[in-house]
Amino acid sequence: MTSYRFMQATFLLFAVALAGCTHATPAASTESDALYVARDVIGDGVFSAGIEGPAFGPDGALYAVSFGRDGTIGRVTFDARGDATAALFTTLPAGSTGNGIRFGADGSMYIADYSGHHVLRIAPGSHDATVFARMPQANQPNDIALAPDGTLYASDPKWSDNTGQLWRIDRHGAPHLLEAGMGTTNGVEVSPDGKRLYVNESVQRNVWAYDIQADGSVSNKRLLIAFDDHGMDGMRTDVKGNLYIARYGAGMVAVVSPDGALVREVKLKGQKPTNVAFGGPDGRTVFVTLQDRGAIEAFRAEHPGREAGL
């Protein structure tokens with residue numbers, strides 16, 4: 001979530017004094033056996049209110065945008081005890097602001113650039129972002145999902161009138177508009193078998209499911225679940241196909257089954273989660289970015305995430 005969050009947020013009083021400095025948490029029980037209990041990983045103010053896009057890279061580090069300030073990407077590493085340290089990974093090109101992040105099978109990092117109207121790519125071993133997909137017709141590419149075949153899907157909200165679009169980006173970086181005239185499209189995710197696409201609408205509080213066709217197009221749109229209050233932001237699936245949805249303003253992550261049943265709600269310390277990512281040695285730790293705290297929380301889940309092996 002971008003403009004919508006910033007209009008509602010009370011900006012953080014903390015700031016990072018020096019870009020590139022590190023911030024370590026106190027000793028943490030990173031792999032606690034307690035399920036669905038939130039704890040701090042990175043404390044208040046290390047990231048800005050634009051914190052978003054958590055994703056684990058093939059190096060075992062967690063990446064998220066807006067380390068200290070917007071237009072950056074931070075890298076969180078973990079020691080043998082599970083204590084976390086955050087540092088500046090890269091600064092994006094002028095005019096670019098990152099949001100969602102995903103990693104390809106080859107280790108490439110893909111970043112939704114909502115102010116530059118692009119999807120950016122950072123090659124394995126590099127810190128420099130280049131344009132992978134130019135999307136001049138997009139409102140502001142927000143969250144992205146990566147299908148098993150390498151196809152990217154991007155949400156594209158227009159916060160000024162609470163509408164949105166949905167895009168497919170092929171493996172060569174060509175964008176294809178899948179649907180216009182939607183609500184404020186935000187979180188987007190693919191099922192573990194690559195056959196289903198999920199898209200949520202923040203203001204309208206709907207989660208839609210589509211069937212993914214062989215050519216990457218979508219069909220058979222149907223409502224998976226609707227919520228009565230609060231917003232929605234990023235989401236991920238576990239290996240069983242359950243959706244973990246950041247409930248912005250509700251201070252929780254909702255877990256929804258593949259058939260649309262609300263399985264549980266995981267209470268967080270912060271109130272404005274922006275996105276989630278699975279990681280840790282067994283892929284069963286869910287990391288959550290929090291806008292109101294500029295922080296990262298985590299909790300243990302029963303099943304690993306679908307991308308945990310990347």
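Here is how the numbers come out for the structure above:
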read-out: Around Y36: net Lys/Arg minus Asp/Glu count, Cβ-Cβ under 13 Å; value: 0
read-out: Net +/- balance of residues flanking G150 in space, Cβ distance below 10 Å, scoring K and R +1, D and E -1; value: -2
read-out: Where GluC sites (Glu not before Pro) fall in DSSP loop in region 207-306, at most 13 other Cβ within 10 Å; value: E302
read-out: Gaussian network model of the chain, Cα within-10 Å springs - most flexible of P136, P157, P273; value: P136
read-out: Accessible carbon and sulfur surface of the chain relative to its total accessible area, %, 1.4 Å; value: 51
read-out: Pair D33, D106: separation of 7 Å Cα→Cβ label points (nm); value: 4.4
read-out: For the chain, accessible area per residue (1.4 Å probe, heavy atoms of protein chains only), Å²; value: 38
read-out: For the chain, convex hull of alpha carbons as volume per residue, Å³; value: 114
read-out: In Å², nearest 10: area of R300 left accessible to a 1.4 Å probe; value: 20
read-out: Segment K158-R171, length gained on full extension (0.36 nm per residue, minus Cα span); value: 2.1 nm
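The values are calculated or read from the model by the stated rules, or taken from the named source; none is laboratory data. As the structure is a computational prediction, the values presented were derived from the model and not from experiment. As a convention, Cβ positions derive from the backbone with ideal geometry for all residues, glycine included, and neighbour counts pool all protein chains shown. The protein model used for the area step is the full one, side chains on, heavy atoms only, and it has no ligands, DNA or RNA in it. Shrake-Rupley method; radii C 1.70, N 1.55, O 1.52, S 1.80 Å.
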